[in-house]
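A short write-up of the structure that comes next.
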Amino acid sequence: MKVNNCLKRIKKAIEFSMSKDETRPFLNGWIHYEKLKALVSCNGFVLTCSQSLYDDNLKNIIISPKEYQSVQREYPRVEAVIPDLSKLESGVVQIKKVFKVKGKEVVKLYLYKDDDNFHFSFEEKENAILVIDARNIAPLTDDCSYEFKYSKKLNPIVFNLSYGETFNDYFLLLPLKV
C-alpha cells in the first residue's frame, strides 16, 4: 500500500512540475536525466526528481506531455539548483489539504518551528523560517507528513516523496524572498 501511495505521489508531483506555459517550451515535458539518474520535471518554480522512475533506456530523452513522444531540445541544467542535501537541516511537517490554493496571485505560506515541531501557517509572525507560495505545494496537500530538508537562507526546500531515510524521490521548491 505504501509503495502505491508513493508512486501516486511521485507521478502527481512530476505532472505538476511540468511547465504548461507555451512560452517556455524547454520546460514542457519530463526527461530521464542521465546525470542525476532520475526522471525530472521542472517549471521554473518547482522541480520533481525521481530516481525510482528513471529508465536508463530513455536517458536524456525529453517526453512531451501533449504527444507523449520524444522531443529534440535542450533541457535546463537542473542539477545547478539542487542543493547538497547533506548540508541542510531536516524536519518533518504535515501538509494539510487546506493549504491547497489556486489562482494567479501569490499566497504566502509560512514555515515555523515551535520547540521541535514544524508547521505551516497562512498567518505571518516574526519567527518564520521561510515563506513559500502555497500554490506550489498543491501535489503535496494530502494531509500527510513529509520529511524535508531546508536552509534558513534562500535555498530550495526539498520534500521527500519516498518512504524511508533516502531522498531518492523528492519535490523541490524555491522559497519566496520576504
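Every number here is computed from the coordinates shown, using simple stated rules; none is lab data. Here the structure is a predicted model, which is why all the values come from computation and not from measurement. Please note: Cβ atoms are built from the backbone with ideal geometry, for glycine as well, and neighbour counts cover all protein chains shown.
Here are a few things to note about the model shown:
- Normalised convex hull volume, the range 85-173, alpha-carbon set, Å³ per residue: 102
- Order by protection proxy (mean Cβ within 10 Å, highest first), peptides 50-59, 113-122: 50-59, 113-122
- Whole-percent pair-distance distribution, where bins are 5 Å wide, for the alpha carbons of the range 2-81: 3, 17, 28, 28, 16, 6, 1, 0
- Shape summary of the chain, radius of gyration then Dmax from alpha carbon positions: 16.0, 50 Å.
- Based on C-alpha pairs under 8 angstrom that are at least 6 apart in sequence, the chain has a relative contact order of 21 percent.
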